[in-house]
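Take a look at the structure below.
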Amino acid sequence: MSSTVEVEPGAAPESVLVTADSCENFEHMNSSLEEIKNLIEIKQAAEESTIETVVSENLEETGNFSECDDDEDDYVQNSEWTSRKKQVFVLSMAGKPIYSRYGNEDKLAWLFGVMQTLVSFVQSTNDDCIKSIHAGDTTFVFLVKKPLILVTVSKTHESENQLISQLNYVFNQITSTLTLTRLNKIYEQRQNYDLRRQLTGAERLIDHLLDFTEKEPSFLLGAVQCLPLASSVRNTISSAITGACNKIKNLVFAILLANNKLITLVRMKKYCLHPADLHLIFNLVQASESLKNSENWTPLCLPRFDSSGFLYCHVSYLSEDCQACLLLLTVERDVFYVLSQAKQAIVEKLRRTNCLEAINNSLTTNEETCLTAGFTELRHYLYKCKSTAQFYQPSLAPPYTLEKERLLELYKRAHQHLHCSSRPLKLVFEKSSKEVVLAWDTKGFELYVVFEPLIDTTGAINLVGKLLNWIKNREDKLFHLNAPTF
Amino acid sequence: MKTVVGKVVVLGHLGVGKTSTITRYVENSFSHQVTPTIGASFFTCKITVQSIPIKMQIWDTAGQERFKALAPMFYRNANAAILVFDITNQQSFDSIKTWVDELKRNVEEAMVLCVVGNKIDLMHERKVSKEEGLKYSNSIGASYFECSAKDDQGVGVVFENIALGLLRMSVGKSNNTLKVYDDDINDIMAKSSELDATDVGNEEVVSISIKSIAHGDTVSSKCC
């Protein structure tokens with residue numbers, strides 16, 4: 001298969017995002033925070049210690065969650081949790097319940113016991129690690145990430161790797177609220193600790209994250225989608241942010257997003273943001289209605305950036321008349337007012353340069369469907385540029401407007417073909433009575449296309465070539481090609 | 001014309017309605033499905049008491065335990081604290097006491113304290129009596145109010161009381177962290193925003209609104 005495009009669409013000399021494979025194991029962690037802090041020699045030691053003492057104080061109070069033993073027997077069969085397509089559980093190494101996607105963890109305590117036993121049995125008998133159990137159409141996947149155990153029970157057709165990736169996201173979400181260092185410390189001090197005390201309110205974020213990973217192709221691709229904007233507008237926005245922020249010390253990232261799409265990301269030289277971290281930020285913003293009403297200041301750990309500590313984050317929406325969310329992330333905990341002023345300056349600049357209007361216009365215009373773009377035999381596609389970890393998809397068109405889930409399942413299946421660890425394919429062409437799916441993995445990009453069912457291979461290949469050209473011609477608008485720094 | 005600018009921190013157990021109380025006052029709105037506050041939110045509002053404008057910078061803290069370590073950042077240098085509990089929840093009332101103890105241990109400057117029992121629309125489920133609340137508030141020198149952010153009852157009084165407290169404090173000269181400006185605050189703010197946007201990151205600009213203006217020295221002729 002050849003196309004006339006020389007450089008893949010969306011490629012850029014420098015990327016704002018760390019590029020990575022979505023299925024890659026998340027174990028590798030950076031220690032960027034330490035680096036930034038050392039670089040500028042802030043006396044943070046004192047502050048760190050205050051946090052630690054509070055943690056240990058909290059640990060001394062005992063958890064007083066009531067154990068509900070009453071109708072435990074009935075609960076075994078309760079359809080509130082048994083009827084679901086996919087369950088997700090989180091427990092401690094000691095078997096204490098931490099999170100259950102559906103149902104009440106306390107009433108399911110016995111089940112958590114079983115899961116813990118399975119893990120520890122395999123561990124103790126041959127010093128091995130349980131990965132998965134397959135029983136009929138149900139897959140049980142275990143992810144042991146000390147000090148936690150994550151389990152999913154799935155009747156969906158997702159691959160083991162995809163399920164593990166989802167569990168990794170859940171682990172990262174927990175790390176993001178507590179930091180890995182603190183998580184480890186908690187369990188070092190008390191193996192029996194009830195982590196739910198620390199996670200109150202964060203279950204909501206995990207719930208939302210799980211739904212999110214099941215609805216959005218961005219998680220599957222390990223990439224983010226950008227809000228389409230003329231490159232001049234995007235550059236003006238970026239320079240408004242750098243202009244207002246370049247004198248502020250220790251600001252690491254400035255992120256502007258709207259409607260689950262990235263508008264721009266300005267970063268400190270040397271540091272990049274991992275798409276997985278950006279996904280957690282998208283999740284936080286989407287799940288928290290309350291951020292809309294005010295300026296907010298919150299600690300946030302980005303596990304792929306640095307799992308050992310918090311960044312402090314100024315979160316606010318640009319204005320009443322422009323619902324884009326601006327996040328300013330710094331390593332300093334006392335600079336709220338400085339960032340608040342910077343935000344005001346950014347908004348004023350954006351208003352003067354008509355960028356707010358441009359953002360609003362882009363938000364209200366529906367993106368093109370394949371049909372309106374002139375591709376009659378094409379129904380939908382995902383295009384991911386690997387070197388920048390960004391992707392593009394057109395608007396949904398019938399029949400998938402009503403079958404969004406099935407469309408994503410098609411993509412998941414095709415993705416699995418390309419990324420299956422034992423026998424990865426480069427090109428997949430799959431015909432069924434309902435549609436034709438083509439998936440193509442090259443050095444520079446991944447492309448997943450869904451065609452009308454009657455198309456033949458030659459037709460499909462011709463169309464793919466045309467499509468790549470179409471995207472190439474619009475890459476300025478569809479992708480964030482610059483990697484601005486402060 | 002003098003202006004008083006005070007920092008107000010709102011503390012309390014999770015789910016007692018801190019955010020709801022503030023948004024009821026600041027925006028006069030109420031949401032039934034408010035999501036828990038993440039970290040802390042910042043609001044400002046202005047009240048005029050005895051024809052003196054009082055600007056309150058309100059820090060709405062998250063009630064969840066993991067954010068407890070952050071609280072000092074918000075109550076440090078605060079001039080007033082609103083301690084909110086839920087009248088249908090004894091535990092939330094008890095946690096007020098731990099907050100007060102913490103404030104007493106860590107804040108040296110005088111503070112306007114105000115205990116607020118929220119959710120009086122759920123009167124039939126009341127667990128903490130008015131007498132109990134009043135008695136405790138008196139013992140710590142705080143004023144006591146009951147309100148319902150949902151039904152918009154008694155919320156305004158809380159903030160007016162805080163404003164009045166701040167005004168008294170500004171006259172008493174007893175506090176070093178409270179800011180009193182001789183000029184109208186809007187003039188000061190206007191100056192800082194007139195600067196070119198690209199200069200705003202500059203530290204000098206930041207300090208305009210905070211330190212470079214004399215404060216605490218103005219004596220008003222009249223006092224309540």
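Residues are listed down the side, and each one gets a yes or a no for (1) in a helix (DSSP H, G or I); (2) outside the structural domain of A:Lys443 (by TED's automatic domain parsing); (3) at pLDDT below 65:
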{"position": "A:Asp21", "(1), (2), (3)": "no, yes, yes"}
{"position": "A:Glu52", "(1), (2), (3)": "yes, yes, yes"}
{"position": "A:Gly63", "(1), (2), (3)": "no, yes, yes"}
{"position": "A:Gly113", "(1), (2), (3)": "yes, yes, no"}
{"position": "A:Ser124", "(1), (2), (3)": "yes, yes, no"}
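Restricting to segment A:231-284, count the residues that are in a helix (DSSP H, G or I), among the small types (Gly, Ala, Ser) and surrounded by fewer than 24 Cβ atoms within 10 Å (Cβ to Cβ).
5
Only one residue in A:Asn250, A:Asn259 is over 19 Å from A:Ser176 (Cβ atoms), within 14 Å of another protein chain (Cβ to nearest Cβ) and at pLDDT below 95. Which one?
From the options A:Asn250, A:Asn259, the qualifying one is A:Asn250.
Could you grab me the full set of residues in segment B:98-124 that are in a helix (DSSP H, G or I) and open to solvent by less than 40 Å² (accessible area, probe 1.4 Å)?
B:Trp99, B:Val100, B:Glu102, B:Leu103, B:Ile120
Residue count for segment A:449-486 under the criterion of being part of a helix (DSSP H, G or I) and hydroxyl-bearing (Ser, Thr, Tyr): the result is 2. From the list A:Leu195, A:Leu180, A:Leu220, the lone residue that is closer than 30 Å to A:Ser395 by Cβ and aliphatic (A, V, I, L, M) is A:Leu220.
Among the residues in segment A:468-484, are any free of Cβ contacts under 8 Å to residues at least 24 places away in the same chain and in contact with a His (Cβ under 6 Å, 6 or more places away or on another chain)? No, that holds for no residue. The set of residues in segment B:69-80 that are more than 14 Å from B:Ile38 (Cβ to Cβ) and within 8 Å of chain A (Cβ to nearest Cβ) comprises B:Ala69, B:Pro72, B:Met73.
Here A:Ser165 clears all of (1) within 14 Å of another protein chain (Cβ to nearest Cβ); (2) crowded, with 20+ Cβ neighbours inside 10 Å; (3) in a helix (DSSP H, G or I) except the condition numbered (1). Restricting A:Ser362, A:Ser340 to residues that are of a type in the set (Ser, Thr, Tyr), more than 30 Å from A:Ile461 (Cα to Cα) and in contact with an Asp or Glu (Cβ under 7 Å, 6 or more places away or on another chain) narrows the list to A:Ser340. When segment A:196-220 is filtered for residues that are more than 10 Å from every other protein chain (Cβ to nearest Cβ) and not in a helix (DSSP H, G or I), only A:Glu216 remains. Here B:Val158 passes the criteria (1) farther than 25 Å from B:Phe43 by Cα; (2) open to solvent by less than 10 Å² (accessible area, probe 1.4 Å) except the one numbered (1).
Considered as a group, the residues in segment B:129-138 that are over 15 Å from B:Gly12 (Cα atoms) and either part of a helix (DSSP H, G or I) or among the hydrophobic types (A, V, I, L, M, F, W, C) (or both) include one that is least open to solvent (accessible area, probe 1.4 Å), and that residue is B:Tyr136.
If the condition is being modelled with pLDDT under 90 and farther than 17 Å from B:Ser51 by Cα, then segment B:143-178 contributes B:Gly172, B:Lys173, B:Ser174, B:Asn175, B:Asn176, B:Thr177, B:Leu178. In segment B:87-97, which residues are open to solvent by 10 Å² or more (accessible area, probe 1.4 Å) and not β-branched (Val, Ile, Thr)? Scanning segment B:87-97 gives B:Asn89, B:Gln90, B:Gln91, B:Asp94, B:Ser95, B:Lys97. A:Gly95 passes every criterion in (1) over 28 Å from A:Pro275 (Cβ atoms); (2) open to solvent by less than 20 Å² (accessible area, probe 1.4 Å); (3) in a helix (DSSP H, G or I) apart from (3).
Within segment A:286-321, the set of residues being open to solvent by less than 10 Å² (accessible area, probe 1.4 Å), assigned to a strand (DSSP E or B) and touching an Asp or Glu at 6+ places or on another chain (Cβ under 8 Å) comprises A:Asp306, A:His314, A:Val315, A:Ser316. Of the strands (runs of 3 or more DSSP E) lying entirely inside segment A:339-448, those carrying at least 3 residues that are open to solvent by less than 30 Å² (accessible area, probe 1.4 Å) are A:378-385, A:390-392, A:436-441.
Quick check on segment A:232-240. Is at least one of its residues touching a helix residue (DSSP H, G or I) at 6+ places or on another chain (Cβ under 8 Å) and more than 14 Å from chain B (Cβ to nearest Cβ)? Within segment A:232-240, one or more residues are touching a helix residue (DSSP H, G or I) at 6+ places or on another chain (Cβ under 8 Å) and more than 14 Å from chain B (Cβ to nearest Cβ).
The values are calculated or read from the model by the stated rules, or taken from the named source; none is laboratory data. Bear in mind the structure is a predicted one, so any value in this text is a computation, not a measurement. Because the Cβ atoms are built from the backbone with ideal geometry, glycine has one as well, and the counts that use them run over all protein chains shown. Please note that ligands, DNA and RNA were not included when accessible areas were found on the heavy atoms of the full protein model with its side chains. Shrake-Rupley method; radii C 1.70, N 1.55, O 1.52, S 1.80 Å.
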